[in-house]
Structure formats: structure tokens, C-alpha cells
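Below you'll find the structure, written out as C-alpha cells, and then a few comments.
Values in this text are rule-based calculations from the coordinates and carry no lab data. Not measured: the values here are computed from a predicted model. Reconstructed Cβ throughout: ideal geometry from the backbone, glycine too, with neighbour counts over all protein chains shown.
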């Protein structure tokens, strides 16, 4: 299968353009170099480019052609290195010209060095030309010819027929599509267009077939037609296909007018459904012409279009696209078993079933993959053959019988050439890796994969377009609920590896040197906790490596270690590196020889222990991105300004006391996260004036050191339209407040600003620009610890403001009409505000709302937080949209006003109350979440409070109420409660007599030291002859115990509690998670939970025996036992455990003697069990 226009042609085109650039030609002329070499090179490139499409086609079957392409690409990389060497020289000269301390001796040295450099350039260029000419001479030997385009991809066209007995897991999807088909859009005059979008092989065609053949669809639509597009969007051919499908006649004409007229006549007044399968076209004008005949149909007619390209779908759809998701594992397994085992019952081959399920996991929910892999094993019962498929990479499987990659390659086939390079580069990421959009764009830029933009467009904007395009083509997938995090499906990752070939690799833990290709340019690896030098010895044979990326898969705070020999000895030898990432390693310094990496454009040292950077870093003239966030960095190199190509400098979380001099020289900077104003020396804030391209977020700290307010004005923030976020901060102990007001006034930003934060400002009032309606784009504003301000700024007329935060504004005593800024009571104030937070307003007493028309204020406010405002005694106004209210250390008066909150769903009360006001919950019957915390003097919750009115309550928490002795007696009546949490209530001795809500699914009880029994159990005490009191447990007559719906039960540090007397919880078949921690009175456990999956027993220091029925917990997957005096051994473990952890069990001498039966075990962790001296680990294929 051809991959379309050869991706190598993109490399050659870029190479040709660079060798023909005005800048390079001028360089040759000024240095007196041989320009004929450039012409000779360009001619050779054109000759090779002419045969690339033919070579790309023939490499599939001819290994010699494939090797020729590899060598050609290697030569192109060498030519790029030469060009980058020249560019580096030009940058160095620019930087040295800008130097204010250049001496005559240095100039003499540079002049003397020019001659040697020029000779090297000519010599290297001649070598490249010679090699390219040799490659061109081989084209005849290999039979390569000039062709205009690659051959069309050969793929069996789809039809409307489907075998529904082989379809699994698409019932819900079918119903959704049919619902769209049968609905009538009264507003639309055109035919309805339903687009099904998803990656290749996910089942879009199958879903369209299911809908097309549904009996309800057949009844509704008089005419039906199916057309498989796949290749280029040929309007004549597709129109003819649809016409012939509807009329069942053949048409010889190729005249589009005749075909469209006949189609329109046949559709006129009839209700039709037409499927266009595998649609790729993004040209709206062509679509507009194509759809003209469909307008003749009856209202309610529909088109179903399947596509991998979301951009194509968005141009033609009339309803939102339907994004088809992969199948569940269970459905994928059913599909696999259907095709792998013929008509046999797959349970008859348990050994193959285990391997088969592991194979299905490789398909990651893609039905085509599951079906194809099953087809390879159809009728084969040899374990060896099944294992071969399990352990083979997708691209190593037989091409003739494995159609996964050919189908996926279509996605690559239709990519523009510039996207092919960027996509192939992503093969350095391991499967399942989650990457950030912004970082990947910066990597592409560093590798030279982005086309030079025209006009005012930035390289980063070009990269962003590339990224969005790959997302729209279903090659990248958005990680759920994360706007900037993405991943690739495993099969797409396989596709990237297959097209990148020998030039990209991901270093595995067990990688052998012979696995590494000497031509490799790009590499990555996953960090280990301790990475010794031996792991990296393989890089010694890769002389031209461009990418060295360490990938951290742990948490942000995880610390990893690497041998000092790697950064100090190995990396300086990799002199062609463009990208170097050592983030999350505990390295404290870099070698001076880092300056050897003259091509370096991307350096990531974030989350390391680096305290200072070597001055030699400033000789890396190509550097575009320098990431130093969350280091121990105390200073930046003095000559940082020499990095004139630097575009991104991230120093968040560093410990800098000032910025180096001449920051204004770094005019290419697009992103500067922080600027620290120094007390003496360093760059003054006026240096920011020259950085007109700054965008994103900027934090300026230590503003008390701005002595002259004119410096702030010279920073010229008014003319920085791309800055979205600005944080302005003075030190908390700021005593120099005389000019704060003038400085802040002069720091007025551009009206495009979206986020503003001001901290520790010392002025008595805020400048007029804060809150001015001209800042109409502002969506977030935070003012904190501005202790001298006596009034809040006027903010009510900011049209888009959504989040507003005030913290530590201790000079504020009243908030009144000036806060709203409305000229009349009828004007809406804070029209878009959704979250309002007041915190630590210690002197605030009065909050005045609009009296005439309160409904005009805060119409969309959803969250209100009043935290540590002890003097505020105003009643709350009517807030019609408020859904969440948080009150902490506030006056009781505020609780009486919640009846004015008709939409309230969540209430969080953290206050030292002795009681809750009677009836204060009667008017908030919509409440779904209630948390009461730190009411240290609250002893009881009476029914008069109104708990029984909360019929919609789903979550209830009581926390840190030291004197609380009883929960509401009517708690059991609140059947809507699903989650109950009681923690830090040491006086609570028992649960209500009538028990807990019957539909409870999650129960958490922590730090309740007086608690002796669970619901459904009563404690009876009696005195014995020794004078001691003994207790016994008996079932309660008024309560049936814990709810039978319970799925999670966590009980921690309830030292007097005796758990689970015999017979309790026997009826619970839903419990999945059980945590028992620090319950000192527990002596035994009886576990009868057939669906329990997670069991953690820790800190039960008086546990005398372990449950004998443990082996009957067949659903248990994770078992953790810590700090328990286990007997010398425990009985047979659960059979399906995947994780077993045993820590600090001093008496344990032997592991279970049935461990060899634990075929599902994947993780075994045993520590601090001194009696265990040895044990045997048996490794199973299945684990």
C-alpha cells in the first residue's frame, strides 16, 4: 500500500528551500564561498525528489529500495546538520555584535576563526553533495522512475450488508443514531447530515450498517442508498453510484449535470437515507455542489457520513457529530472469541482463553484489531501460535492476513506532508503515554518540523494548527476532563512506529545494543528510580542523535536519580542534540561541556535540584525553550541575554532574587513566566518594554523594589495584547508603600487581559483601571493581603468576570454600592460572576446589597465562600442561582439567611457553634451535599434543625465535632443519602438506634475513639468478680445493621470498636472495598462478602486470627496487611488476587503454601517481616 506523497519529500522540500534561501546565499557571498555548490546540491535534490513516490511504493516489496530510502533520509539529516551549523554561526555573530564588552582581541580571534570555519563548511557540503549524487545514481539500478503521485490505496469497498450476530456492544450506539435518523429538525430546510466520527477500525462502518438495515429505518425511508468514498472525493463517480443504487440502472454518462438532474428527479418528494462511508473531503465548495440534488427530497431525509476527520465532519454536519468510542473489554472479548474459536465453546480451552484475553487487551477496544487477530488464530489450538501473536508487534504480523495496519495507514495516507513528519516523531512516546499539547509543539519546533510561517503568524501558532489537525483526524485523543492533555491509541502508536522506521525509538529497560539502530535520531525512555550508567551505554553507538528525552510517569513530587556520568560524560558527546530533557532527576549541576551541544534548541531541567546554571549555557545560541520550573535555582547566568533565539523561559517555583541584566535584549521571548525585581543590580522592570511578544501568563514579584514609578510605565504593559494573565506581587512585609499606588497605576495592562492577581499591595486605594469596564475580557480577579485598602474597587460592571477572590483585606469594614458601580438599581451588576470568595476579612462588618431590586445583583452566582469573616453579621440576599455555599468561622446570622437560596445544592458549615439554628434547613429541601465541621461545642443534632426535610440529600459529612455524642435520630429516613462520612468525633459512642439510610453505598468512619459498635449491634456490659467490666455484642431488635447496598466501608482509628460479630453483614453482596485501620479492639474478622475486591487490614494490633474464609473471596483482587500480629502462617489465599502486600507482620514465618495457584498475581510486596527468611517465587506466563 502506498503511503501517498512520500514523507521524505517533505524533508527534501524543506532542505531545498533552506539551501535556496536568501540568508544562506548572502552568507556564501559575504564569506567568498563557492555558490556553485549550492546550485549543484539543489539540482541533485530535485532529481531525487522526482522518484520518491515510486520509491515509497516499491519499498513495500523491495528491501533494496527500502534500504535506499533509509540511507537517503540519513543523508538528508546530515545536510540539515550542515545548515544548522551555518545558522548557529550566524546566531553567534549576531550575539557577539550585540555584546557591549567586545574587545579588539576577541574580534581578531573571530576573524581568524572565520577562515577555518568556512573551509569546514565547503568540505562538508561537498561530502553531502557527493553522497546525494551517489544516491541519485542508484535510482536507475533500482528501477525508480518519475511518477506524479503515488498509486491510489487499494482497499475493498464497503457495502450495506452486515452480519449482526458478529456485532457486540453497539446496541446503545445504534439507538442513538436511529434516534437522530427518526427525528425531524423543524428549523432546517436542508437534508439532515449525521456524521459518525472515530479512528480507523473503531466500527463506524458497522454502526452505519446497523442503522441502515434497522427495520424502523426501512419503514421510514422510501429510498436507501450506500456509497463507499474512501479515495478522492470524485463528485461524478459518487453521484453516479447513488443514482444507480436508487434506480438499479446503469448510467454511461460522465456528465455531472445530467447525473445530478436525474438524481434530483428520482429523489423529488421522497424520503430517503443515503450513507457515504469513509469520507475524507474538507473542501466545503465541493460538498456544496454535491448536495444540491438532495434538496429535492422530502423533509426528514437524512445522510449518514462516516469519517475519521472531525474537520471534514464539522463542515457538513447539521447536528453535532457522534463520536464513536472503542468497545469495552468484555464486548471485545466476545467478538474475538466468536472468530477465534469457530463454533466451539471457548471455555473448553482455558489455557488459550487466558492468552486470548491478553491479546484482546492489545486491541484496546478496536473491533477491527480484535477480529483480525482472532482471524490469525482461527482454528489454531497450539499455545505456541497464540503466544506468538501475543508477543508480536502489530507491524510484525503477516501483512496478507493482518489488515489492521493497512486500514490505519489510510489515516497516514491522507495526511498532508508536513503533518506526516510531526506524526511519525510521536513514535518516541511509549504506549499509553499522556503528553501536553504545548510541550509537544515546542518539541516539534525544536526538531525543525514546523513550516516557516508567513505574515505575522508565530511558529507556535503553526504548531498549534498542526496539533489540532491531528486531533481532528482521530490520531490524538483528548484525555478525559483535561483540556491540554492527550494520548495516542495503542494502535495509532503502532502506526507511528511503523512509519518512523529506524529513526525513532523508545529505550526499554531490557534494550540490548543490537536493538538500537545506528541511524536513529530521536529517542526517549521512562525514568527509573535509579538509572545507572549501564542503561545508557547503547547511546555510544548513536553518533547523530537529536533527541534525548526522559519521561517521568510518577507524580510531580517523585524524585529519581541518574548516574553523574550521564549528564557529565555521555551527553556532551551527543553533539547533534536538538532536544534534551532531564526533568525530575535529582541533579544539582550541569557540566561546562554542555556548551558542546551547539544545536540544542530545547532544554528541560524542570523539577531537578539545579541551583545555578553554568555560564556556558549562554553559548547555546540556538536555544528556543529553557524549562527550569520548580528547581532550587537561586540565580540565572549573568549573560543570559546572549540567548537571542530564546522564546520560552519557564522559571516558576524557582528561588531567584533578581533577574540578570539586559533581559530586554531577548526580543524573541514569547513566554516568560516570572520576573523578579531585584533590590540592587539585575534587570529593572523597564527592561520588559522591549519584550513586546510576551504572551500567556507573567508573574512579577518584589515590586517594592521599583523605586521610580516611571520604570513601571516604561514596562509598557498597555501594549502587550497577548498577555492573558498577569500576577503582581509585593512582599508580605512590604514597608515601602509610599509609591505602591503610583506603581500599580503605571502597570495598567492591555484591555485583552483575562486574569489579574494583585498580592500584598500597600496602597490605600486601587487605581481606577482595576474594574474599568474597558477591561471587558477579564474573567478572573484576585486581590489578596492588600491590608491598607479601605474600600474595594468598583467591579460590578465587568461584563465577563466569572471568578472573584478577596483574601486578607483587613482594611475593609463595609462593602456597599461603590462595589457594584451601577448607575441605577435596575442595572445588572456582576452579570457573569459564578464564583465569589471572601477569606480572612477580619474587620468586615457590613455587606450592603441593592435594596430596590436585589434580583439584579449576582444573577448567575453559583458558588459563594465566606471564610473567616467573624464580624460579618449581614443576612444573605436572595441569590437565585447559588448552588454552593461555604461558611467558615462566620456569625450565626448568616445561617438564618439560607432560606433565600432556592437553588442551593451544597452547604459547608465550618464554625465553632454550640447549636444549629432551629428550622434553618426547612427551606433548603434541594440540598444534595451537607458538611458540618469544626463545631467543637456542638453536642447533638436535634430534629428541630430540619434534617428530615432534606429528602434529596446524597452526601452527609460530620467532621471534627469533638463533643458530638449522637447523630440525628431520623437519619435512617433520608433514603437518598449515598455517602456518609463521620470523622474526628471522639465523643460519638454509637449510631442511631434506627440505623443508617437504607441506600447507602459509601460509609467512612474515622477518629471516633468512643465508638463501640456498628448499627444493628448493641453493647451489654457486666461486672465480674475481679471488678473488671466485660462487654458482649448482641443484634439490635430495632435495626437490621449496615445497609445491604454498601459498596465501600472504611473505618480508621476507632480503638474501642469491635467489628463484624458473627452473622452481621451476611446479606451484603455489594461490598467491594473494605479498609480497617487502627482498630485496636478487633480480635477477629468474619468476611462473607462475595463481591469484595479490595481489602486493607492495618494497625489492628490485637488481631488474633485471620479470616478462615479468605479463600472463598473469589472476587478479591487487592489484599494489604500491615502492622498486624499475624500467626506464623495464614491459610490459602484468594485465588484471583492481582496484588498482595504484607508489611510489618512480626510473627509471620511462612507465606501461603498455595501461592503456586495464584495465577493472576501481578504484584507481590513483602517488607519488614523478620521471621520470613526465604521463600520461592514462581513465575507464570499468565502473570
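Modelled spin labels at residue 134 and residue 543, positioned 7 Å past Cα toward Cβ, are 1.3 nm from each other. Highest mean packing comes first when the peptides 271-282, 50-61 are listed by Cβ atoms within 10 Å, giving 271-282, 50-61. Shown is the FRET efficiency for residue 1086 and residue 354, computed with R0 = 22 Å from the Cβ-Cβ distance and rounded to the nearest 0.05: 0.10. Residue separation of residue 925 and residue 85 scaled by 0.36 nm, minus their Cα-Cα distance, works out to 295.2 nm of gained length. Computed from label points 7 Å out along Cα-Cβ, the spacing between residue 939 and residue 381 is 7.8 nm. Most tightly packed first, judged by the mean number of other beta-carbon atoms within 10 Å of their residues, the peptides 487-500, 641-654, 466-479 read 487-500, 641-654, 466-479. The ranking of 1150, 1077 from fewest to most other beta carbons within 10 Å of each one's beta carbon is 1150, 1077.
Return the FRET efficiency for the residue pair residue 999, residue 165: r is the Cβ-Cβ distance, R0 is 25 Å, and the value is rounded to the nearest 0.05. After rounding to 0.05, the efficiency reads 0.05.
In the chain, helical runs assigned H by DSSP with n ≥ 4 each contribute -39500 (n - 2.57); averaged across all residues and rounded to the nearest 500, the mean residue ellipticity at 222 nm is -8000 deg cm²/dmol. Answer rounded, prolate or oblate for region 253-338, using the Cα gyration tensor with square roots of eigenvalues a ≥ b ≥ c: rounded when a/c is under 1.5, else prolate when a/b is larger than b/c, else oblate. Verdict is prolate for region 253-338. Considering only alpha-carbon pairs that sit under 8 angstrom and 6 or more positions apart, the relative contact order computed for the chain is 4 percent.
Protection proxy ranking of 263-270, 801-808, by the mean of other Cβ atoms within 10 Å over each peptide's residues and highest first, is 801-808, 263-270.
One decimal place: the segment residue 325-residue 765 gains 152.9 nm when fully extended, by the rule 0.36 nm per residue minus the C-alpha distance.
Extension gain, residue 60 to residue 232, is 59.7 nm, computed as 0.36 nm per intervening residue step minus the present C-alpha separation. Listed options for P(r) over Cα pairs in 20 Å bins from 0, in percent are [x] 9, 27, 38, 23, 3, 0; [y] 10, 33, 32, 19, 6, 1; [z] 10, 34, 37, 15, 4, 0. The value calculated from this structure is the one marked [x]. In percent, rounded to a whole number, the relative contact order of region 535-613 is 32, using alpha-carbon pairs under 8 Å and six or more apart. For the chain, give me the percentage of DSSP beta bridges that are antiparallel, rounded to the nearest 5 percent. Antiparallel bridges make up about 5 percent of those DSSP assigns within the chain. Placing pseudo-labels 7 Å out from each Cα toward the beta carbon at residue 690 and residue 452 gives an inter-label distance of 2.4 nm. Is region 665-795 best put as rounded, prolate or oblate by its Cα gyration tensor, with a ≥ b ≥ c the root eigenvalues, rounded for a/c under 1.5, and otherwise prolate when a/b is larger than b/c, oblate when not? It comes out oblate by the Cα gyration axes.
When a/c reaches 1.5 or more, the comparison of a/b and b/c decides; with that in mind, is region 417-501 rounded, prolate or oblate per its Cα gyration tensor? Since a/c reaches 1.5 but b/c is at least a/b, the shape of region 417-501 is classed as oblate. With neighbour counts taken as other beta-carbon atoms within 10 Å, the residues 761, 412, 134, 22 rank, fewest first, as 22, 134, 412, 761.
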